[in-house]
Amino acid sequence: EAQVTQNPRYLITVTGKKLTVTCSQNMNHEYMSWYRQDPGLGLRQIYYSMNVEVTDKGDVPEGYKVSRKEKRNFPLILESPSPNQTSLYFCASTQAGNAYNEQFFGPGTRLTVL
Amino acid sequence: DQQVKQNSPSLSVQEGRISILNCDYTNSMFDYFLWYKKYPAEGPTFLISISSIKDKNEDGRFTVFLNKSAKHLSLHIVPSQPGDSAVYFCAASAQNNDMRFGAGTRLTVKP
């Protein structure tokens, strides 16, 4: 089954404790991205990757890091989480490396930073 | 700076009637528009899209209309069904891979 998986689905952590949210897709997509969803703001792009070893900032990259060492994986790293990073996070992927194609989204990771 | 706006946070309609969800955008560089549907505890799923060279695209019960001069698009669902109850996100994309989403509209279809 074609899918985007994220782990963990739920996470409660404390300020400053480094964490990683994993994202994996099995569709051989070149383009992957991370979004956060906040009430009244919709989905905002954090980082995206056009292909392996190619990443770029989205609208709200501050406080986040990403890496793309393999085509299927695109982890999101919070080196020192803060309460304003409490949010619902979605990973997405699409073919052909451009945002014209509809993106396939993972199920989401709800993060709470205390 | 929200370049894509969905001004109605919620909409309630009766089963069988038409649902109309609206979306406005400010960036004239956007040339491709998409609608996503999101159920609770799931990620958004693609619903329908339209290119700026068209003014209408239809897929079954779903039709998207684009008015470029007004920078406005709308999603029509006819007839609405209870299973359509979800949050709908409008998204706009430009050739530089910049995709922006609206804040979403929660649609409730009452039996």
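Derivation of every value follows stated rules applied to the coordinates shown; laboratory data play no part. Values in this document were obtained by computation on a predicted structure and should not be read as measured data. Using ideal geometry, Cβ is built from the backbone for each residue, glycine included, and neighbour counts are taken over all protein chains shown.
Brief remarks on what is shown
- Qualifying residue in region B:69-84 (condition: within 11 Å of chain A (Cβ to nearest Cβ), buried (at least 21 other Cβ atoms within 10 Å of the Cβ), closer than 26 Å to A:P39 by Cβ and of a type in the set (S, T, Y)): no
- Hits in region B:85-111 (condition: surrounded by fewer than 17 Cβ atoms within 10 Å (Cβ to Cβ) and more than 14 Å from the chain's Cα centre (by Cα)): B:Q95, B:N96, B:T108, B:K110, B:P111
- Check on B:L34, touching a strand residue (DSSP E or B) at 6+ places or on another chain (Cβ under 8 Å) and within 27 Å of A:G108 (Cα to Cα): yes
- From B:F62, B:F33, residue being closer than 26 Å to A:V60 by Cβ and aromatic (F, W, Y): B:F33
- So A:Q85, is it more than 11 Å from chain B (Cβ to nearest Cβ) and either more than 30 Å from B:N7 (Cα to Cα) or in contact (Cβ under 8 Å) with a residue 24 or more places away in the chain (or both): yes
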